[in-house]
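Working notes for the structure below.
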Amino acid sequence: MIKSFAAAFFRIYDRKITSGEITFSQTGMKKEDFTKLCTDQSYVLPRTEIERLCNAMKLTSEEAQTLLQWAED
């Protein structure tokens, strides 16, 4: 099991960046949020931002669910 939102996010993000599917700018993510994910393993983006990222990164429903399970309602 993945232990944090950051770990789940970076597992997907790194694969998509490496394959050339996306670029950082295509995600539309704020640099401050990216930095928080890099430095604070307990940080979780707001649900609306996670949903937006799922669309921007063209995630499968399984990948999206992996990230959304960390969102607080």
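In table form, for the structure just shown:
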item	result
Number of positions in region 22-47 that are touching a Lys or Arg at 6+ places or on another chain (Cβ under 7 Å) and charged (D, E, K, R)	0
Scope region 1-15; condition in a loop (DSSP other than H, G, I, E, B) and either loosely packed, with under 13 Cβ neighbours inside 10 Å or among the aliphatic types (A, V, I, L, M) (or both); matching residues	M1, I2, K3
Selection count, region 15-38, where residues are closer than 16 Å to A56 by Cβ and of a type in the set (D, E)	2
Residue match in region 16-37 (condition: out of contact with any His (no Cβ under 8 Å at 6 or more places or on another chain), open to solvent by less than 80 Å² (accessible area, probe 1.4 Å) and on the phi > 0 side of the Ramachandran plot)	yes
Test result for L59, at pLDDT 95 or above, within 12 Å of the chain's Cα centre (by Cα) and assigned to a loop (DSSP other than H, G, I, E, B)	yes
Every residue from region 42-73 that is open to solvent by 30 Å² or more (accessible area, probe 1.4 Å) and of a type in the set (D, E, K, R)	R47, E49, E51, R52, K58, E62, E72, D73
Members of region 17-46 found to be of a type in the set (D, E, K, R) and either at pLDDT below 95 or more than 11 Å from the chain's Cα centre (by Cα) (or both), listed by number	E21, K30, K31, E32, K36, D40
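Residues are listed down the side, and each one gets a yes or a no for (1) aliphatic (A, V, I, L, M); (2) touching a residue at least 12 places away in the same chain (Cβ under 8 Å):
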residue: D33; (1), (2): no, yes
residue: T39; (1), (2): no, no
residue: L53; (1), (2): yes, yes
residue: T60; (1), (2): no, no
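The values are calculated or read from the model by the stated rules, or taken from the named source; none is laboratory data. Just so it is clear, the structure is predicted and the values come from calculations on it, not from any experiment. Please note: Cβ atoms are built from the backbone with ideal geometry, for glycine as well, and neighbour counts cover all protein chains shown. SASA here: full protein model, heavy atoms, side chains in, ligands and nucleic acids out. Shrake-Rupley method; radii C 1.70, N 1.55, O 1.52, S 1.80 Å.
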